[in-house]
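Colleague: To start, I am sharing the structure in question, which I have written as structure tokens.
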Amino acid sequence: MATAEKKNFATPEEVRTPPKTEVAIVTFGDRMVQRITYHPGWRWSVDIKPGAGTDSCQVNHFGYVLSGRSHLVMNDGAELDAGPGDVVVIPAGHDAWVVGEEPFVFVDFGGAVRPA
């Protein structure tokens, strides 16, 4: 029988801190949810690309924007702005950055399956 569970980002199971970024992770079996805070001045191609080893972000994102604003450009040139209250689907193959002086806070369900 399935059991109801709850977790809280105030006590995440894992915290990652790439440059200008804080990622709080909670897991439920093979699923994970991330609350990601990108600080002003953050840009994927500057802050994450050197460690990722790819020309663009290769992660699929599906999530909800809590606060702040972001702009992204897909490899094919398509562009998207995201802000508070937006629910977004972002396929792999993009660059993104924070717009303005407010952190961009995003709850990401997109990488929902943990690597084996």
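Colleague: In this structure, does V73 turn out to be modelled with pLDDT of 95 or more, closer than 16 Å to W42 by Cα and of a type in the set (V, I, T)?
Modeller: Against the criterion (modelled with pLDDT of 95 or more, closer than 16 Å to W42 by Cα and of a type in the set (V, I, T)), V73 qualifies.
Colleague: Got a number for residues in the range 21-36 being touching a residue at least 40 places away in the same chain (Cβ under 8 Å) and either of a type in the set (K, R) or not in a strand (DSSP E or B) (or both)?
Modeller: Residues that pass the stated criteria total 3.
Colleague: Further question on the same structure: Quick one: which residue in T27, T11, T3, T37 is under 15 Å from F109 (Cα atoms) and over 13 Å from the mean Cα position of the chain (by Cα)?
Modeller: Of the residues listed, the single one that is under 15 Å from F109 (Cα atoms) and over 13 Å from the mean Cα position of the chain (by Cα) is T27.
Colleague: A further question follows. Give the number of residues within the range 50-69 that are in contact (Cβ under 8 Å) with a residue 24 or more places away in the chain and more than 11 Å from the chain's Cα centre (by Cα).
Modeller: Going through the range 50-69 one residue at a time, the tally reaches 7.
Colleague: Can you find a residue that is modelled with pLDDT of 95 or more and either among the polar types (S, T, N, Q) or touching a Pro at 6+ places or on another chain (Cβ under 9 Å) (or both) anywhere in the range 77-97?
Modeller: no
Colleague: Further, regarding this structure: If we keep just the residues of the range 13-64 that are basic (K, R) and loosely packed, with under 15 Cβ neighbours inside 10 Å, which is farthest from A2 (Cα to Cα)?
Modeller: Among those that are basic (K, R) and loosely packed, with under 15 Cβ neighbours inside 10 Å, it is R16.
Colleague: Return the pairs, sorted by first residue and then second, in which the second residue is in a strand (DSSP E or B) and acidic (D, E), the first residue lies in the range 84-108 and is without any contact (Cβ under 8 Å) to a residue 60 or more places away in the chain, the beta carbons are less than 9 Å apart, and the residues are 6+ apart or on different chains.
Modeller: Close Cβ pairs satisfying both conditions: V99/D81.
The values are calculated or read from the model by the stated rules, or taken from the named source; none is laboratory data. Remember, predicted model here, so these are calculated numbers, not experimental data. Glycine gets a Cβ as well: all are built from the backbone with ideal geometry, and neighbour counts include every protein chain shown.
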